[in-house]
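Notes follow the structure.
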Amino acid sequence: MTPRALFSAPPALWPLWRPHLLAAFAENGLDVTLTDDPSGEWTFDYIVYAPGGPVRDFTPFTRLKAVLSLWAGVETIVGTVPRELPLCRMVDSGLSRGMAEYVAAHVLRHHVGLDSHLRGQDGVWRNGVVPPLAPDRTVGVLGLGEIGRAVAATLALLGFEVRGWSRRQREIPGAETYAGEDGLAAVLSAADILVTLLPGTPDTADLLDARRLALLPAGAHLINPGRGTLVDDAALLDALDSGRLAHATLDVFRDEPLPPDHPFWSHPRVTVTPHVAAATRPETASLAIAENIRRGEAGAPFLHLVDRVAGY
Ligand SMILES: NC(=O)c1ccc[n+]([C@@H]2O[C@H](COP(=O)([O-])OP(=O)(O)OC[C@H]3O[C@@H](n4cnc5c(N)ncnc54)[C@H](OP(=O)(O)O)[C@@H]3O)[C@@H](O)[C@H]2O)c1
């Protein structure tokens, strides 16, 4: 029987994704019925999912073989999808490359002191300061998953001294890697620039609290495109107000969209980007969805299954 897939995401995404998903199914030799109409819940084999679509409750979908997330971060549904049902997160070359480009841009902004030139267009010739070169600057990367590894590798290629941290010990060419609480302290205490690429889970909530932020070298920069819950907002604002932290570039927040009156918008040491660090691109990500449906139909193990205990 032809498998049926429901696209459940914000309605504006349907016309963008539909042609790429159909093309990816065809490329994989898959005959799949794809719709954005959720009626007849019991007839669907797969849900292609992003927050903001019609599906809130997965229990009426009694025939499902898997939920396939369009997003890398699954914290909004990991507690909702029944435990016995496979939940796969998005792993996509476009996502990793996009994040590597975003992080490289913001790291280089601070590294070469771009702001002082952008703000200083006042007729005064300030050319006295020679900035350090990349090997003299340490960048810490918290989270060495699909995306964190690509980011760490890109920064290492640029010549930065890279220290990475993850739950389990990982190896990355060109970077020193750490795990555990002592490892976290070793990364934080050296990081002139800190990049957070951890998932939002109970274990990572408020990971960067006042105590851990205080481990960063004076004048450090924070770049958080991971999740808003990783950072204690009040502790971050304190560290910025006191000048201990030079700047925070924040792409993700506890409440999104970030409310217009939130202090991050107007803070002189904060750059807000509206959750744009790395978008899932239909052209490449549709192939990842098709591959998992192919596997589901062939009885092969799904790729990128979420560990339901760890929550990512
Ligand atoms: N802003 C954006 O546009 C955007 C776009 C895409 C993704 N993201 C965010 O980026 C995150 C990372 O994506 P990914 O694909 O790289 O995820 P991933 O492959 O699941 O990797 C997660 C990494 O975090 C580590 N980790 C998880 N819990 C930890 C803990 N308690 N202590 C220490 N390390 C821990 C994991 O350690 P192990 O290696 O030991 O498992 C792994 O290295 C996503 O979850 C999402 O929140 C943001």
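The values are calculated or read from the model by the stated rules, or taken from the named source; none is laboratory data. What you are looking at is a predicted structure, and each value in this text was computed from that prediction instead of being measured. Note that we place each Cβ from the backbone using ideal geometry, even for glycine, and neighbour counts take in every protein chain shown. Just the protein is used for accessible areas: all its heavy atoms, side chains included, with ligands, DNA and RNA removed. Shrake-Rupley method; radii C 1.70, N 1.55, O 1.52, S 1.80 Å.
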### Query
In this structure, does Trp71 turn out to be open to solvent by 10 Å² or more (accessible area, probe 1.4 Å), outside any loop (DSSP other than H, G, I, E, B) and modelled with pLDDT of 95 or more?
no
### Message
Need pairs with beta-carbon distance below 7 Å; first residue of a type in the set (D, E, K, R) and within the stretch 45-59, second buried (at least 18 other Cβ atoms within 10 Å of the Cβ); sequence gap 6+ or separate chains.
### Response
Asp45/Pro3; Asp45/Ala5; Asp45/Leu64; Asp45/Lys65
### Task
Output the residues belonging to the stretch 101-123 that are open to solvent by 10 Å² or more (accessible area, probe 1.4 Å) and under 12 Å from the mean Cα position of the chain (by Cα).
Tyr102
### Task
Scan the strands (runs of 3 or more DSSP E) fully inside the stretch 120-239 and keep the ones with 2 or more residues being within 20 Å of His110 (Cα to Cα).
138-142, 161-166, 193-196, 220-224
#### Entry: Of all residues making up the stretch 154-194, the number that are in contact (Cβ under 8 Å) with a residue 40 or more places away in the chain, more than 8 Å from the ligand (Cβ to nearest atom) and among the aliphatic types (A, V, I, L, M)
8
### Task
Starting from residues that are within 26 Å of Thr204 (Cβ to Cβ), open to solvent by 90 Å² or more (accessible area, probe 1.4 Å) and away from the ligand (no atom under 12 Å from the Cβ), keep the ones in the stretch 256-312 and report whichever is nearest to the chain's Cα centre (by Cα).
Pro257
### Task
Give me a count of the residues in the stretch 41-63 that are farther than 14 Å from Phe7 by Cβ, open to solvent by less than 50 Å² (accessible area, probe 1.4 Å) and assigned to a loop (DSSP other than H, G, I, E, B).
1
